[in-house]
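S.K.: Below is a structure I'd like to ask you about.
The values are calculated or read from the model by the stated rules, or taken from the named source; none is laboratory data. The shown structure was predicted, so the numbers you read here are calculated from the model rather than taken from an experiment. So basically every Cβ, Gly included, is an ideal-geometry build from the backbone, and we count neighbours across all protein chains shown. Remember, those area values only see protein heavy atoms, side chains included, never the ligands or the DNA or RNA. Shrake-Rupley method; radii C 1.70, N 1.55, O 1.52, S 1.80 Å.
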Amino acid sequence: MNIAAIEIRHLRYFVAVVENRSFRGAALRLHVSQPPLTRQIHQLEGALGVSLLIRKPRGVEPTVAGKVFYEEARNILGLTEQAASRAQLAGQGQLGRLDVGIFGSAVFDTIPRIIQRFRKAHPKVEVVLHNLDRGGQIKALRERRLTVGFNRFFDEEPDLSWEVIQSENINAAVPQTHPLASQETLSLKQLSSETLILYPRQPRPSFIDQALKLFHDKGQTPQSIQEVDDVVTAVSLVSSGFGLSLVTDSACNLHFPGVTYLPLRQEDQANFNLCMIFRNDDDSALLQAFTNTVRSMSTERNTGTSGEA
């Protein structure tokens, strides 16, 4: 038995003969002439060392061995078609696994909407989220444990690319019982005399350093600072009346009882960028499909249009 001599076309020809119950019908279905098809079936039987077909007055029927081979041949052809289809989908960025690094307040607004849009357009792609700080994302990208990451502060890295996908304003999170809660906007000078709850403690530099720079650029020095690990902790402490905090637009989606969000005055306002980062050498269709989604949404946001139906 010379299994190596069996090719996909042998299986396809044999299945067609069985299903059409004739060589002529199979030849018409496959758009080939009958003599070559007959030779292929004879080659197949020779490779297997058994008879697969019996000619009868009403047509061709499989032998016992032929019936067994027919079922297996159909399975193999089905798997071949599936493999080809999955390869095409993967090549088009429609199949695979996307590992995404997330961190910070963008998880309350921008990132969920990006993932939702991408999943809707690419339902066969498995999206896995990893909560990693900036250093953790860079390390995981280099170790190829991440496909793409999102964070706010990136320095130039020779092997990584980063793009600003969104700029957000800064707001003050204030207890509703606080005297400043009645204001429409707040100044850095007003906030500098309050207990400020800033985040994250690590890694540095972080949002804390950027927030303090805002004060220093205006000649202000906060009198009391409490550092915490994340924005959720900060806003929860605001809710308890412990102090005030500074948050981006995304974090205003955090709904804690007794907390109101007020924008900074125009002269004190600053933009904080959300960045997308990925490896320079990643030319995969999957990353391309994802970055196209992100860029499209960024353009819609900047132009005030919507890609939603």
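S.K.: Mind telling me which of the residues ILE115, ILE41 ends up being closer than 15 Å to ALA16 by Cα and not charged (D, E, K, R)?
M.R.: ILE41
S.K.: While we're here: With respect to ALA84, determine if the residue is over 19 Å from ALA251 (Cβ atoms), of a type in the set (A, V, I, L, M, F, W, C), at pLDDT below 90 and open to solvent by 20 Å² or more (accessible area, probe 1.4 Å).
M.R.: The answer is yes for ALA84.
S.K.: Also, quick follow-up: Go over the candidates GLU168, GLU143 one by one and state the one that is within 29 Å of GLN269 (Cα to Cα) and either in contact with a Ser or Thr (Cβ under 7 Å, 6 or more places away or on another chain) or without any contact (Cβ under 8 Å) to a residue 12 or more places away in the chain (or both).
M.R.: Being within 29 Å of GLN269 (Cα to Cα) and either in contact with a Ser or Thr (Cβ under 7 Å, 6 or more places away or on another chain) or without any contact (Cβ under 8 Å) to a residue 12 or more places away in the chain (or both) holds for just one of GLU168, GLU143, which is GLU168.
S.K.: I need every pair where a residue in segment 271-291 that is modelled with pLDDT under 90 has its Cβ under 6 Å from the Cβ of a residue that is among the acidic types (Asp, Glu) and surrounded by 18 or more Cβ atoms within 10 Å (Cβ to Cβ), sequence separation at least 6 or different chains.
M.R.: Note: pairs meeting the criteria are PHE272/GLU168.
S.K.: Okay, next question. Filter segment 99-157 for residues that are in a helix (DSSP H, G or I), under 28 Å from ALA173 (Cα atoms), aliphatic (A, V, I, L, M) and modelled with pLDDT of 90 or more and give the result.
M.R.: Across segment 99-157, the qualifying residues are ILE111, ILE114, ILE115.
S.K.: Can I ask one more? If you check GLY101 against the conditions, is it under 19 Å from TRP162 (Cβ atoms), among the small types (Gly, Ala, Ser) and free of Cβ contacts under 8 Å to residues at least 40 places away in the same chain?
M.R.: No: the conditions fail for GLY101.
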